[in-house]
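First comes the structure, then the notes that go with it.
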Amino acid sequence: MHRQRRIIVLATVAIGLAAACTVSSVALTQQEPAVSQGASPAASGSSSAAKHSHANDLLIRGTVFNERGLSMEGVKLRIQRAGARKPHWETFSNFRGEFAVRVPQGADYEIAAENKGFTRQSQAVDGKTGVAEEKVIFHLEPLKGGKP
């Protein structure tokens, strides 16, 4: 009986020491490096690469429906700046036919919806208005003479 207690106590102490070592090593890695006396605080606190803030981006949201008004899953949506040769953003509609993409404001965009067996559709989106969100709806029609 005493032997079982001793093993339990030793195991508890070992687990506690392991947890304490892990916490202290995590705390050491999360601390800020010391600033040398010659360095300015602004230079030491900022990284060399500027981070992009999505606060002023345009959110393009929408839904894709088929000819019967049912939502379509897996439709490929390609977004490009107006006049560009290749699309810069690409996404797919979810199981409810919905999609959302963030793009920088200040340009006109073209969004195209395409799915096998359906005609390709595209719409223009004005990103210069300053509006934070644009809603787009596609109603895809089946190809003539093909299977949907």
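The values are calculated or read from the model by the stated rules, or taken from the named source; none is laboratory data. Everything numeric here is computed off the predicted structure, so don't read it as measured data. Here Cβ is always computed from backbone atoms with ideal geometry, including for glycine, and neighbour counts include all displayed protein chains. Note: areas computed on protein heavy atoms with side chains; ligands, DNA, RNA excluded. Shrake-Rupley method; radii C 1.70, N 1.55, O 1.52, S 1.80 Å.
Would you tally the residues in the range 132-142 being assigned to a loop (DSSP other than H, G, I, E, B) and surrounded by 13 or more Cβ atoms within 10 Å (Cβ to Cβ)? Lay out the reasoning, then the answer.
Narrowing the range 132-142 to residues assigned to a loop (DSSP other than H, G, I, E, B): 132, 140-141.
Subset that is surrounded by 13 or more Cβ atoms within 10 Å (Cβ to Cβ): 140.
Of the residues in that region, 1 qualify.
Which condition breaks for F118 when tested against (1) out of contact with any strand residue (DSSP E or B) (no Cβ under 9 Å at 6 or more places or on another chain); (2) open to solvent by less than 50 Å² (accessible area, probe 1.4 Å)?
Going through (1) out of contact with any strand residue (DSSP E or B) (no Cβ under 9 Å at 6 or more places or on another chain); (2) open to solvent by less than 50 Å² (accessible area, probe 1.4 Å) one by one, F118 breaks only (1).
Output the residue which, of all residues in the range 65-85 that are among the small types (G, A, S) and out of contact with any Lys or Arg (no Cβ under 7 Å at 6 or more places or on another chain), is farthest from G106 (Cα to Cα).
Filtering the range 65-85 down to residues among the small types (G, A, S) leaves 69, 71, 74, 82-84.
From what is left, the residues that are out of contact with any Lys or Arg (no Cβ under 7 Å at 6 or more places or on another chain) are 69, 74, 82-84.
On the way: G69: 33, G74: 29, A82: 11, G83: 14, A84: 15 Å.
Among those residues, the one meeting the criterion is G69.
Surrounded by fewer than 10 Cβ atoms within 10 Å (Cβ to Cβ), modelled with pLDDT under 95 and not polar (S, T, N, Q), is that true of P104? Quick ask: steps written out before the conclusion?
Numbers: surrounded by fewer than 10 Cβ atoms within 10 Å (Cβ to Cβ): no; modelled with pLDDT under 95: yes; not polar (S, T, N, Q): yes.
When the stated conditions are applied, P104 does not pass them.
In the range 60-101, which residues are open to solvent by 40 Å² or more (accessible area, probe 1.4 Å), under 16 Å from R120 (Cβ atoms) and part of a loop (DSSP other than H, G, I, E, B)?
E67, K86, P87
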